[in-house]
Amino acid sequence: MTDPAASAPLVLRNRAFAAVWLGQVLTQAAVRMFQVGVSWWIVAYAVRDARGLASGLFMAACTLPAVVLAPVVAKAVGRFAHRSVLRNAAGLAAAAAGVLAVWAQGGGPPLAGVYSAALALATCQAFFDPCLTTSVPALVDDADIETATGFELSTQSLAGLGGALLGALAVDRAGVAGLALGCAVAYSGAAVLVASARFRAPGPAAADRDGPDEPLHAGRRPLRRILGELPYVRRILVCFTAANLFTAAVFVVIPLYTRSVLGGGGGTVALLEASLGAGALVGAFTGTRVPGRPTVAGAWCLGLMALALALPGLFAHRAVIACCLAVAGWCAGAVSVRFVALFQRLVPTADRPGFFAVMQAVLGASLPVASLLFGSAGDFLSPQTLCLVQGIGLVPAACALALLGSRTPEEAPPAAPHTLGVAR
């Protein structure tokens, strides 16, 4: 007879993972709410000229720490207890958001102050996200790794929904002060949840015993060597880095499109961001059902995303754009869950802290560039043109990923040797 407890959803039968996962939901919801809200504040209230450049600079500030601090993050995640890293990152972010809320209480804060707060929150998130990804095997059994990865990646989708629905609306109703206060509350809740979780001790028997939260002493090999021994993984990361140069621009394009083309307000921004987040949420939970090898499935998803991002450049209708963003979000969520689950199994346990920090840095390296390029271009080109550029730019990345399809290694258990990442 089947044990009812074993058939229950992972977040119900594993309280430690549920607490940490909910903590990540709160942190990413907070940072996304901040990004969406401030982007709309810049475009609609704070800047009259060069709105695109100001918005692009802000998004660059939100993405730069993950790239610059990758080596520091890898060392911290490998050296210190994961629970401590997660708790401290959330607590410091709560403090930074609280300071901005107090500062903005007397009126609109200067752009420099908002950019500084964005850097602080992004720095904390740069430690939180790869640490949580690395912690998944210490929170769940091996059989639950892919399920846990789906839940973890769905966090970004839930955060997109929360940020979409609350960010721009909060700015319209309560200004930057109210926005920052909401972020501070969310980060504080995440710190409490993480502090209440019990992590498993590292080691071969981790799945059979519970113990104190201890650091997984990893990340000591040079990061170049980690990627050097995983050539297929490295090539996949390069493809997605190129794709991110065009997909990341959507967060700059949405507020510009809303104001210049649709003539809408915070509610329209909320609708479009929610469509993107809802699609990504569904994709995170259904990505494992997409048939084919990860690279083949990923290539088809990138092709579909290219079409979805380009269509708003031809049809300026709010419902059409919302549907296109939902499809683009689904593609992003489905691709993410397939490839992160693949990496969890191909990368040796000892290398995971360093690898996931590198993964975040490699994938994130294009984000500041995309924000600045598309933000600056938004002051000279129409948002419809930017949409067409996004779609066309994704096509080469999809083709390159498809060429890797027949040579990508199969998913294997985490205990497999290093040679799994080498061509056979």
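The values are calculated or read from the model by the stated rules, or taken from the named source; none is laboratory data. These figures come from a predicted structure and were not determined experimentally. Positions of Cβ are generated from backbone atoms using ideal geometry, with glycine treated the same way; all protein chains shown enter the neighbour counts. All accessible areas refer to the heavy atoms of the entire protein, side chains included, with ligands and DNA or RNA removed. Shrake-Rupley method; radii C 1.70, N 1.55, O 1.52, S 1.80 Å.
List of remarks:
- Probe 1.4 Å, protein heavy atoms only - accessible area per residue of the chain in square angstrom: 40
- Gain on full stretching of the segment that runs from Arg235 to Ala81 - 0.36 nm per residue minus C-alpha separation: 52.3 nm
- Projected area averaged over orientations for region 248-312, convex hull of C-alpha atoms, nm²: 4.8
- Prolate/oblate/rounded call for region 271-382, Cα gyration tensor, a/c under 1.5 rounded: oblate
- Whole-percent carbon and sulfur share, accessible surface of region 291-340, 1.4 Å: 79
- Region 12-95 shape via C-alpha gyration tensor axes, a/c threshold 1.5: oblate
- Computed from point charges on the beta carbon alone (+1 for Lys and Arg, -1 for Asp and Glu), the dipole magnitude for the chain about its Cα centre is near 500 Debye.
- Space enclosed by the convex hull of the alpha-carbon atoms of the chain, per residue, Å³: 128
- Taking the C-alpha atoms only, the angle from helix 352-364 to the longest principal axis of the chain is near 20 degrees.
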